[in-house]
Amino acid sequence: MVALSPDLTRPGLRPVPWGLTAGLVLLVIAASALSLTSGAAGLGFGDLLSALFGEGLSKRDAVVLYDIRLPRLAMGLAVGAALAVSGVLLQGLFRNPLADPGIVGISSGAGLGAVMAIVLGGLLPLWLSDLIGMHLVPVAAFLGGWAATLILYRTATAGGRTDVATMLLAGIALAALAGAVTGVMVYLADDRQLRDLTFWSMGSLAGATWAKLAAALPLIGLVMLIAPGLARGLNALALGEAQAVHMGQDVQRVKRRAIFGAAAATGAAVAVSGGIGFIGIVVPHLLRLAMGPDHRRLLPHAALLGAGLLVLADLVSRTIVAPAELPIGILTALFGSPVFLWILLRQKGALRG
Amino acid sequence: MLEIADLHASLGRREVLHGVSLTARPGEVLAICGPNGAGKSTLLRAALGEIPTQGHIRLNGHAVGKARPAEMARIRAVLPQDTQVAFAFTVAEIVAMGQEAGDFAADPNLIDQALAAVGLQAHAARSFQTLSGGERQRSHLARALAQVWQPMGPQGPRWLFLDEPVASLDLGHQLQVMRLARAYADDGGGVVAVMHDLNLSAMFADRLAFLIDGRLAAEGPPAEVLTPALLERAYGCRVALNTVPARGPWFVPQACEAP
């Protein structure tokens, strides 16, 4: 996040929104503290303080904190950041704010990869499954998401321009295809695999464990590392591929890495949390309204807001109908789909007006 | 120096350029003219390395299409015909992108200067998507200028490639933009422009490259290229050429007759 414009007070060059940055960091900290201190087990804020600074916790409370709530929190932060960054990358790649991994079928592709890994994983040669181990489902989800992204890009983009209608229709077709093949996989699955599939497809952070997190974090971490390097290229791509080249960008590399990054982040998120939609569209959209479309600022702030929002959504989903849990995907869709429709309406106005 | 030798280019399966050879020199405005579909824009895109071609294209000695984009961005900037921008960048942010791509990223006043050069300094903070067609075109020109601000650099001359730079401009801004191009060449840079307006080309260009059906039909100073015979061949109408005031040939469409 270096190389911001030299003079930050010039007209038209928006200053770095440090206030917003601080606000988002506070949001993440507050959401994390709330998430750690709310839940069925009655472990409260005082217990958290004594765990941090005081005499420690009872054995039961330590299990609740370290093996249930903390991995769940970490998973929420990682998945939220991954989905939001994935959204920013896709939207920059397609030059369109409607490109969300859930809506354009990439989550479906990743889901298909995960399902195939669960059902067909046993057919892998032993040395290979030993080598991949617990990473099998996330890697398969990444590969599925990657294939979906590549097909989508090939279908919807010609001559460096993306047709919105084609992109959305191709997303529907991809989701339908992935759904059909997933159906075949479910038909092939045995009882134990069916149970795994059911748990996986419920799509929540409830099953968070340190082991799952360890499987997903390398992919998500890798994307967080390469994403800032793509920011200038994505800015230039907003002017079209040819202009991006003339402004010195290696466009093919930017596109390859954005596709890889979006697929890897979505794949890892889907593998550990099922399908959680609309984070990838709501977060970048709100941030563009607040601080403009510059990807150098958008990417890090999206990671923060995505992480904070998903942890909050998870908090609401497990407290609003306690002791039951509302699937988190329902919550994010409840808030996300109106935002999607709103952007669509505005785009229609912009295209025809 | 831009050197193009025996250039063939195809769009789809149709060959659009059939062996064009052309040289553009720094210190010169070269206008690429010709009727619709003659291959003007294709020639420009080929010269920029945007489309696959057969033949040789070199800019300041770099093989176009093989040199690294970052290297080429330091010696040439491009004004596109398609001026759409995704996302609500401000005018100043668009110009800043050009500035950061070139050798002048550290100059704090460059954005203002580039916007002033195209008469848009009051619009720096406006969202690009709210601009009119002509304002968009001038914003992109300011971006291109900010990328190659000094016409001469330590590595040699810098270049402006303009694809119909005055296509959506009013008369006053047409003259403003053409004067900018002229001044850039007079200060040692090179300007290559695809032009529809033959009168403006004749006024401001040192040389015209006139394309008909993908071939270079004539090339040279405007007064030599713009002959009644060539114009009739190109446009299918008789053209009455005038040469007053003494700045090269001009004509009015009212005086053009069907043959």
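Which residues' amide hydrogens lie under 5 Å from the amide hydrogen of B:Leu22, considering only partners 5 or more residues apart or on another chain, with H built in the peptide plane?
Answer set, sorted by chain and number: B:Ile4, B:Ala5, B:Asp6.
Under 5 Å between amide hydrogens, which residues at least 5 positions from B:Val16 or on another chain qualify, with H placed 1.01 Å from N in the peptide plane?
When sequence neighbours closer than 5 places are left aside, the close amide H contacts are B:Ala9, B:Ser10, B:Leu11.
Would you mind pulling out the separation of the Cα centroids of the range A:261-330 and the range A:43-103, in Å?
10
Along Cα→Cβ, 7 Å out, is where each label goes; now give me the distance between the ones at B:Asn242 and A:Val184 in nm to one decimal.
7.5
Could you order peptides A:102-115, B:180-193, A:140-153 by the average number of other Cβ atoms within 10 Å of their residues, highest first?
On the way: A:102-115: 29.2, B:180-193: 21.4, A:140-153: 24.4.
The densest-packed peptide leads the list: A:102-115, A:140-153, B:180-193.
Can you tell me the Rg and Dmax of the range B:53-135, counting just the alpha carbons, in angstroms?
Considering the range B:53-135 through its Cα atoms, Rg and Dmax are 15.2, 45 Å.
Report the full-extension gain for the segment A:Leu20 to A:Leu34: residue separation times 0.36 nm, less the Cα-Cα distance, to one decimal in nm.
Full extension of this stretch gives 3.0 nm more.
Zone of A:Thr166 (label point 7 Å along Cα→Cβ, backbone N under 17 Å): which residues in the range B:1-42?
So the set is B:12-13.
When ranked by the protection proxy of mean other Cβ atoms within 10 Å per residue, highest first, what sequence do the peptides A:56-64, A:89-97 form?
Most protected by this proxy first, the peptides run A:89-97, A:56-64.
Are there any helices in chain A, counted as whole DSSP H runs, that stretch 27 Å or more along their axis by Cα and score at least -0.5 on average by Kyte-Doolittle, and if so which?
Helices passing the filter in chain A: A:18-37, A:70-94, A:136-156, A:164-188, A:210-237, A:251-273, A:295-319, A:328-352.
Counting only helical runs of four or more DSSP H residues, what would the 222 nm mean residue ellipticity of the protein assembly as shown come to if each run contributes -39,500 (n - 2.57) and the total is spread over all its residues?
-18000 deg cm²/dmol
Run the simple label-point estimate for B:Ser10 and B:Asp186 please: 7 Å along Cα→C-beta, distance reported in nm.
Inter-label distance under the simple model: 4.6 nm.
Which percent, nearest 5, of DSSP beta bridges in the protein assembly as shown are antiparallel?
The antiparallel proportion sits near 60 percent.
Using Cα pairs under 8 angstrom and six or more residues apart, how large is the relative contact order of the range B:48-173, in percent?
34
Give me the accessible area of B:Ile32, 1.4 Å probe, in Å² rounded to the nearest 10.
0
When the dipole is taken about the Cα centre of the protein assembly as shown, and only Lys, Arg (+1) and Asp, Glu (-1) are charged at their Cβ, what size is it in debye, to the nearest 20?
With only Lys, Arg, Asp and Glu charged at Cβ, the dipole is about 280 debye.
Calculate the FRET efficiency for A:Asp250 and A:Arg346 from the Cβ-Cβ distance with a Förster distance of 30 Å, rounded to the nearest 0.05.
Here the calculated transfer efficiency is 0.40.
Quick check: the distance between the Cα centres of the range A:135-193 and the range B:71-94, to the nearest angstrom?
33
Only four residue types carry charge here, +1 at the Cβ of Lys and Arg and -1 at the Cβ of Asp and Glu. Report the dipole size of the range B:109-259 about the Cα centre in Debye, rounded to the nearest 20.
With only Lys, Arg, Asp and Glu charged at Cβ, the dipole is about 220 debye.
Estimate the FRET efficiency between B:Ala67 and A:Ala211 by the formula 1/(1 + (r/R0)^6), using the beta-carbon distance for r and 56 Å for R0, to the nearest 0.05. Walk me through the numbers before you get to the answer.
Details: r = 49 Å, r/R0 = 0.88.
With R0 = 56 Å, the Cβ-Cβ based efficiency is 0.70.
A:Ser50 versus A:Arg154, label points 7 Å from Cα toward the beta carbon: distance in nm?
Distance between the two pseudo-spin positions: 6.1 nm.
Provide a whole-number value for the mean count of partner chain Cβ atoms within 10 Å of the Cβ atoms in peptide B:88-96.
The shielding value for this peptide is 6.
Take the alpha carbon atoms of the range A:218-249, find their center, do the same for the range B:115-164, and report the distance between the two centers in whole angstrom.
22
Compute the Cα gyration tensor for chain A, then decide on rounded, prolate or oblate, letting a ≥ b ≥ c be the square roots of its eigenvalues: rounded whenever a/c is under 1.5, prolate when a/b is larger than b/c in the other cases, and oblate in all that remain.
oblate
Please give the peptides B:88-94, B:5-11 ranked by average Cβ packing (other Cβ atoms within 10 Å per residue), highest first, as a rough proxy for protection.
Packing order, densest peptide first, comes out as B:88-94, B:5-11.
Calculated FRET efficiency, A:Ser337 and A:Ala62, Cβ-Cβ r, R0 45 Å, to nearest 0.05?
E(calc), rounded to 0.05, equals 0.65.
The values are calculated or read from the model by the stated rules, or taken from the named source; none is laboratory data. All of these numbers come straight from a predicted model, not from anything done at the bench. Cβ coordinates were reconstructed from backbone atoms using ideal geometry, including for glycine residues, and neighbour counts include every protein chain displayed. SASA here: full protein model, heavy atoms, side chains in, ligands and nucleic acids out. Shrake-Rupley method; radii C 1.70, N 1.55, O 1.52, S 1.80 Å.
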